[in-house]
Amino acid sequence: MYVADTHAWINYLLKKLPENLQPIFRKTEDLDEVIFIPTIVLNEIIWLVNKGSVSLDVPKMLSKREEAT
């Protein structure tokens, strides 16, 4: 079980994860591992998108999260 912070989750969504984290996130895609995304991380990402610091499709981000549940 892992907990992702804002930077890790954004990099995952943008497909810019550092190589050392890719195996962990790959395991979650295969449902062999769990990564928790705290609510504050989602709030931070929405804030960064609204501020214009990050370009992400928030509804798509949330649906990606729901696919795993």
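Bear in mind these aren't lab numbers, they're just calculated from the coordinates by the rules spelled out. Here the structure is a predicted model, which is why all the values come from computation and not from measurement. Cβ atoms come from the backbone with ideal geometry, glycine included; neighbour counts cover every protein chain shown.
Positive end of the charge dipole of the chain (Lys, Arg +1 and Asp, Glu -1 on Cβ, about the Cα centre): tell me which of Trp47, Gln22, Trp9 has its Cα farthest that way.
Toward the positive end, the furthest listed residue is Trp47.
Between Ser63 and Asp5, what length comes free when the chain is fully extended (0.36 nm per residue of separation minus the Cα-Cα distance, one decimal in nm)?
Contour length minus Cα-Cα distance gives 19.1 nm.
Can you tell me the dipole magnitude for the chain around its Cα centre, using point charges on the Cβ only (Lys, Arg +1; Asp, Glu -1), in Debye to the nearest 20?
With only Lys, Arg, Asp and Glu charged at Cβ, the dipole is about 260 debye.
Provide the per-residue ³J(HN,Hα) series for the range 45-54, in order, calculated from phi with Karplus coefficients 6.51, -1.76, 1.60 and θ = phi - 60°, each as a whole number of Hz, with x at glycine and proline positions.
Computed from phi, the couplings for the range 45-54 are 5, 4, 5, 5, 5, 4, 6, x, 6, 9 Hz.
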